[in-house]
Structure formats: structure tokens, C-alpha cells
Amino acid sequence: MVTINSAENALKSVYLGAVTELLNTKINPLMSKIEQTSTDVWGKEIRKAVSVGINGGIGAGEESGALPDAHGNSYLQFVSTLKNLYGQIEISDKAIRASANDRGAFTDLLNAEIEGLLKASKFNLGRMLYGDGTGLLGKVRSATGYTVIVDDARNFIEGLAVDFYEQSERKVANAHIIAVDHATKKITVDKDLTSVTEGAGIYVQNSKDKEITGLGAIFDTSKSLYGIDRSESAVLNPIVKEDVGAISETMMQEIIDRLETEAGSTVDFIAVSADVKYAYMDYMSQYKRNIDIMNLDGGFKSLSFNGIPVVYDRFVPKGTMYMLDTSVFHLHQLCDWRFLETENGNILRQSQGQPVYTATLVKYCDLVCDRPNGQAMLKGVTAA
């Protein structure tokens, strides 16, 4: 017979390992390339000493002359706060009782909840990887009644719960997205938006300024990074090129070579927006060249440029191409995904005043790039 205890045992012993594997390797092509580690985590912070340049204690000399003077490595101290990532599943008491004598039905119930969690995580973790850590989804152009026109709809999806902020003041909290029209950039929610004005920011519920340090933060050279002002070291400044124009193999290779020459980086991942992907495919077809397809870890497929995967991701801004050396990206974590437990070790808890049980997955982590200057962002890429 299925009980709360047997449900908890199944979540702990059967589902947790599978869910962890899926969240870490199959959620997003970029995530599958990033090493996850527990090193350099101190309490609630990540403190990482990153070497700058090379050891200076080398040189040439006479056969019996003086040896080179010793010069140790130079370091920067990166500091970042661990971010709190949560995911919840919910099972009603009625559903548990209805399937109490049918293990197959209960397994289907758990599978449905886990699949829903994975779908939501795929969207949110992918978005955070390319975000700036603020949780900003987009800005309001106009709002009327229960609808809002936004500047960019790529970060919105039905079912997401969002907050509307004007500067630091939250105007509308926990508005549930009912519909998204990507063509017109119109979002429909379940709360009145009369108090929301043009320019207001839209954030995931309760997540403002609490998300991981994604590519948006790494490439925003107007702000400090990992607690250090970017003017203190060139290592903190990636290549950012505006108004790049027509795509070409030569243009792409020039940036790759520059990253190798100036930062010692080896580009192994290229992320592009949909329009840049189409521009690249059109460029290759114009010159009657085959477009190679690569199989990536995690079951993903991508285009290829000289053996480097060219991956489309919906969260890359329009007209943008990222060129990354993923070997210097690390997701530092206090622990891997775990269920929150009570003092008695229970993971299923009854929601106060409701006949439902919830289980919460949690991970404390942040993304750190050891060599920001070894990465490049090309903006304004167009078709040839």
C-alpha cells in the first residue's frame, strides 16, 4: 500500500539521483559543459584565488651566471555569495489516497510531478545561465488591465509567476502568466496591472537580485564582478564588440584567434540567438558549403564551426553571439541537489491550511568564470 512514508522513500532513493543527473547534464547544452565542484566554498560564500598571467621566475643566462630571480604568481581574490535555487513538487492528499492501492498509478503521479519540475527547471536554469543575476525578465513598454507589452518576450513562458518593480518598489507581486504572444510581445497575467507604468522591470517571483551570476553579468563591463572593480585588472574584462555587422567565417576566426593570443583561451562553445543561427546557415549555403552537425554531451545536437559547436539558445539576445572557453567556468556548490528535510528527516510536508503535500529540491551555488577576458560577446551580428 502506498503511504506518505513510501512516497518519501521513492523520492529519496529512486527519483533524487535521476533528477540530479538530468538537472546537471541534460537541462541545457552550456550547463552540460560546465564543471560542478564543491571547492572554494567557505560558509555562505565562494572565495577563489585566480592566477593572473604567469610565474615570472624564468629567464636565460650564462653557464655559470646568476639564476633568474624568483617571482611568484599574481592572484585576484574572487568573492561571490552562494545563490539559493529551489524547485517544488506538489501532491494532493486526495491523489495519494486515490492511488494508495495502485503502485502503477502512484508512480505515474510522481513521474508527472517530476517531469513538470524538470520542464520548469530547464526553462529557469537556462535563462539564469544567460542572465545578469538580477532576475530581470524584461521591461514594460505599456500596461493595460491584465495585459502588458514588453521590450523582449524571450524570457517569458506560460505558468511563470512574476513581480513588477519600479526601481526598488514592488508594484504587483506574484502575477501568474496566462498567455505569451511572442509576435506582439504581449503578456497576459491574472492580476490587474493598472498601477504599472512604462519602464517597470519584471522579475521572477521573489527572485530580484538573487539569481546566479550568468553571462549577462560577466559581459556587463559597466559593473564590478566577483567583488572587484573591473578597472583593477584586465582579466575581468571580456571582449565585447558592438555593431559587428555581416557574419563571416573570417570574422569569427579573428575573434577566436584574438582570445587565444591575448588570454590563452581555447574557444569550445559558441552560443547564438535564432537570427544569428539563420544568418550563419545562410552564409554557409551561399558558398555552397556543408553545415556540419555535432552531437553534444547530454543528447544535444548543434551546428559546427571548425569543430566548435554553434548552439542556438532562446535566451541569447537577438543579434548576439557568445564565444566561450567553458573550461574556465565552474559552478561552485555547497552540495548537489537535495530535498529539504525536517528535523525528523521528512521531505514531504503538508502545506499550511491546504490538503496538499510539497517536497522542495534545493541547491546552493553560483557560477564563476576564472578568466572573463578569455570570453567574447559579439552584438549586432547580421546576415551576410
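The values are calculated or read from the model by the stated rules, or taken from the named source; none is laboratory data. In this text, all values refer to a predicted model and were calculated from it rather than measured experimentally. Reconstructed Cβ throughout: ideal geometry from the backbone, glycine too, with neighbour counts over all protein chains shown.
Kindly indicate whether any position in segment 21-38 is in a helix (DSSP H, G or I) and either of a type in the set (Val, Ile, Thr) or farther than 30 Å from LEU110 by Cα (or both). Step through it out loud before you land on a result.
Step one: list which residues in segment 21-38 are in a helix (DSSP H, G or I), which gives 21-25, 29-33.
In the following step, the residues that additionally are either of a type in the set (Val, Ile, Thr) or farther than 30 Å from LEU110 by Cα (or both) were identified as 25.
Yes, there is a match, as at least one residue in segment 21-38 is in a helix (DSSP H, G or I) and either of a type in the set (Val, Ile, Thr) or farther than 30 Å from LEU110 by Cα (or both).
Which of the numbered conditions does ASN206 fail, given that it passes all the others? Conditions: (1) under 24 Å from ALA143 (Cβ atoms); (2) surrounded by fewer than 13 Cβ atoms within 10 Å (Cβ to Cβ); (3) not basic (Lys, Arg). Only one criterion is unmet by ASN206, namely (2). Quick check on segment 309-330: of everything there that is within 21 Å of ASP292 (Cα to Cα) and aromatic (Phe, Trp, Tyr), which residue is surrounded by the most Cβ atoms within 10 Å (Cβ to Cβ)? Checking each candidate, the answer is TYR322.
Residue selection: ASP93 satisfies the criterion of being of a type outside the set (Lys, Arg) and more than 30 Å from ASN237 (Cα to Cα). In a residue-by-residue description of segment 240-256, the property of being more than 23 Å from the chain's Cα centre (by Cα), assigned by TED's automatic domain parsing to the domain that holds THR320, in a strand (DSSP E or B) and at positive phi applies to at least one position.
Checking each residue in segment 158-178 for being buried (at least 17 other Cβ atoms within 10 Å of the Cβ) and not in a strand (DSSP E or B) picks out only LEU160. Criterion applied to ASN295, ASN306, ASN237, ASN290 was being out of contact with any Phe, Trp or Tyr (no Cβ under 9 Å at 6 or more places or on another chain), surrounded by 13 or more Cβ atoms within 10 Å (Cβ to Cβ) and not basic (Lys, Arg), and the one residue passing it is ASN237.
Residues of segment 351-378 that are hydroxyl-bearing (Ser, Thr, Tyr) and modelled with pLDDT of 95 or more: TYR364 alone. In the set (1) assigned by TED's automatic domain parsing to the domain that holds THR320; (2) within 20 Å of the chain's Cα centre (by Cα); (3) surrounded by fewer than 17 Cβ atoms within 10 Å (Cβ to Cβ), the condition left unmet by LYS223 is number (1). Please report, ordered by residue number, the strands (runs of 3 or more DSSP E) entirely within segment 42-146 with at least 2 residues that are touching a Lys or Arg at 6+ places or on another chain (Cβ under 7 Å). By residue number, 74-81, 83-92. Within segment 135-146, the set of residues being under 25 Å from GLY214 (Cβ atoms) and surrounded by fewer than 18 Cβ atoms within 10 Å (Cβ to Cβ) comprises LYS139, ARG141.
Checking the structure you have, find out if any residue of segment 3-19 is acidic (Asp, Glu) and modelled with pLDDT of 85 or more. Lay out the reasoning, then the answer.
Going through segment 3-19, the residues acidic (Asp, Glu) turn out to be 8.
So of that shortlist, the ones also modelled with pLDDT of 85 or more come out as none.
Looking through segment 3-19, none of the residues is acidic (Asp, Glu) and modelled with pLDDT of 85 or more.
Of the residues in segment 337-356, at least one is outside the structural domain of ILE270 (by TED's automatic domain parsing), closer than 19 Å to MET128 by Cα and in contact (Cβ under 8 Å) with a residue 40 or more places away in the chain.
Looking at GLU260, GLU232 in this structure, which one is acidic (Asp, Glu) and surrounded by 14 or more Cβ atoms within 10 Å (Cβ to Cβ)?
Result of the check over GLU260, GLU232: GLU260.
Note on segment 263-287: among residues that are among the hydroxyl-bearing types (Ser, Thr, Tyr) and surrounded by 13 or more Cβ atoms within 10 Å (Cβ to Cβ), the one that is farthest from GLY216 (Cα to Cα) is TYR283. Residue check: is PHE106 surrounded by 14 or more Cβ atoms within 10 Å (Cβ to Cβ), modelled with pLDDT of 85 or more, over 28 Å from ALA153 (Cα atoms) and among the aromatic types (Phe, Trp, Tyr)? When the stated conditions are applied, PHE106 does not pass them.
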